[in-house]
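**Q** Right, I'll just put the structure down here and ask away after.
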Amino acid sequence: MAGVPAEQARDEMMAPDGRRREIEAALSIARAADPVLFHPSMAATHLARGALASGLTEPGGMEETKEALRGLIEKIVPAPDP
């Protein structure tokens, strides 16, 4: 920031703090996320795709296990921790 006027440098340094305050304010009024609900056939799907846990520990089954996990997860929605 050499050669930049002090007032301009101060404004640029304060901008992220202002944005942080905006985000915190938005999060403070955000509605809590709905609880995670599992599809009724999820257990059957899990059993049909095999033992996922063992696939994670066996080097040869890693790719197959990752694909099986992807098939079980429809979407991931991040939510703030209340």
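**Q** Consider region 1-16. How many of its residues are open to solvent by 100 Å² or more (accessible area, probe 1.4 Å) and of a type in the set (D, E, K, R)?
**A** 2
**Q** Sticking with this structure for a sec: With the requirement that a residue be of a type outside the set (Ser, Thr, Tyr) and surrounded by fewer than 10 Cβ atoms within 10 Å (Cβ to Cβ), what does region 25-45 give you? Break it down stepwise before answering.
**A** Looking only at region 25-45, we keep the residues that are of a type outside the set (Ser, Thr, Tyr), and these are 25-27, 29-40, 42-44.
Once the filter is applied, which keeps residues that are of a type outside the set (Ser, Thr, Tyr) and surrounded by fewer than 10 Cβ atoms within 10 Å (Cβ to Cβ), region 25-45 yields ILE29, ARG31, ALA32, ASP34, PRO35, VAL36, LEU37, PHE38, PRO40.
**Q** Now a separate question. Is it the case that region 51-58 has a residue that's in a helix (DSSP H, G or I), modelled with pLDDT under 80, of a type in the set (S, T, N, Q) and open to solvent by 100 Å² or more (accessible area, probe 1.4 Å)?
**A** So in region 51-58, the residues in a helix (DSSP H, G or I) come out as 52-57.
Right, trim to modelled with pLDDT under 80 and you get 52-57.
Subsequent filtering for residues that are of a type in the set (S, T, N, Q) retains 54, 57.
Retained after the next criterion (residues that are open to solvent by 100 Å² or more (accessible area, probe 1.4 Å)): 57.
For region 51-58, residues in a helix (DSSP H, G or I), modelled with pLDDT under 80, of a type in the set (S, T, N, Q) and open to solvent by 100 Å² or more (accessible area, probe 1.4 Å): present.
**Q** All but one of (1) at pLDDT 80 or above; (2) open to solvent by less than 70 Å² (accessible area, probe 1.4 Å) hold for ARG19, so report the exception by its number.
**A** The number of the failed condition is (2).
The values are calculated or read from the model by the stated rules, or taken from the named source; none is laboratory data. Because the structure is a prediction, the values reported are computed rather than measured. A quick note on method: Cβ atoms are made from the backbone with ideal geometry, for glycine too, and the neighbour counts reach across all protein chains shown. Please note that ligands, DNA and RNA were not included when accessible areas were found on the heavy atoms of the full protein model with its side chains. Shrake-Rupley method; radii C 1.70, N 1.55, O 1.52, S 1.80 Å.
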